[in-house]
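This report concerns only the one structure given below.
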Ligand SMILES: Cc1cc2nc3c(=O)[nH]c(=O)nc-3n(C[C@H](O)[C@H](O)[C@H](O)COP(=O)(O)O)c2cc1C
């Protein structure tokens, strides 16, 4: 079957747990490797208000957003979202959940009938129940349960590239 796939991701550069100060976030590296393998388009969810560069301040900001169930705004929009039948959705785990800005994106789009394939990076929490959360949230889409997750530090290495491409291959992409 021919798929028209789009890789959507949120990822934050700068200081992070286990990886120090980075120019490109862990999930972004993984997402770009996946998109290259798939020859797919990408869309980065970029916050209108940049997250703090230092890890501790970012953690505090993310806590505030989660406590408030906030929907932070992002920049730009996917062109021709309706044309894609398959959405690979990448994100870091923040407080055992999707970052709130990813919910903003999900709620702004109609995923009906699309296949949604989640992947994430973390530093210990695995997928943290987010694959199930996505299934509940996007009830009119086909969210697959066997998404991909890897630690942020490994996502940056060759191993991350190999693992995500073999996972996509196993799924038939
Ligand atoms: C605000 C914040 C909250 C986080 N919460 C968790 C968590 O609950 N569980 C976990 O395993 N990792 C957590 N992490 C670590 C990130 O999931 C991990 O560093 C991820 O690879 C970051 O991806 P990115 O560089 O693409 O943003 C958190 C990181 C931040 C900045």
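Values in this text are rule-based calculations from the coordinates and carry no lab data. This is a predicted model, so every value here is computed, not measured. Ideal geometry is used to build each Cβ from the backbone, glycine not excepted, and the neighbour counts take in all protein chains shown.
Taking other Cβ within 10 Å of each residue's Cβ, how do 167, 94 sort, fewest first?
Ascending number of Cβ neighbours within 10 Å: 167, 94.
Can you tell me which of 75, 101, 29 moves the most in a GNM of the chain? Springs connect C-alpha atoms under 10 Å apart.
Of the options given, 75 has the highest mean-square fluctuation.
Within 10 Å of each residue's Cβ, count the other Cβ atoms and sort 19, 46 from fewest upward.
Fewest-to-most Cβ neighbours within 10 Å comes out as 46, 19.
Please give the length that would be gained between residue 112 and residue 60 if that part of the chain were fully extended, namely 0.36 nm times their separation in residues minus their C-alpha to C-alpha distance (nm, one decimal).
Once the chain is fully extended between residue 112 and residue 60, it gains 15.3 nm.
Which residue, 108, 149, 127, has the most motion in a Gaussian network model of the chain that connects Cα atoms within less than 10 Å?
Top of the fluctuation ranking is 108.
Once the convex hull of the alpha carbons of the chain is built, what does its volume come to per residue, in cubic angstrom? Don't skip to the end; give the middle numbers.
Working: hull volume 18.4 nm³, N = 173.
Looking at the chain, the number lands at 106 Å³ per residue.
Explain nothing, just the number: relative contact order of the range 5-170, from Cα pairs under 8 Å at least 6 residues apart, as a whole percent.
24
In percent, how large is the relative contact order of the range 125-171, given Cα pairs closer than 8 Å and 6 or more residues apart?
Numbers: 22 pairs, mean separation 13.8, N = 47.
Relative CO of the range 125-171 lands at 29 percent.
Could you tell me what percent of the DSSP beta bridges with both partners in the chain are antiparallel, to the nearest 5?
So the antiparallel bridges amount to about 20 percent of the total.
If each residue's Cβ is checked for other Cβ atoms within 10 Å, how do 3, 122, 109 rank with the fewest at the top?
Details: 3 13, 122 22, 109 16.
Taking fewest neighbouring Cβ atoms as first place, the list is 3, 109, 122.
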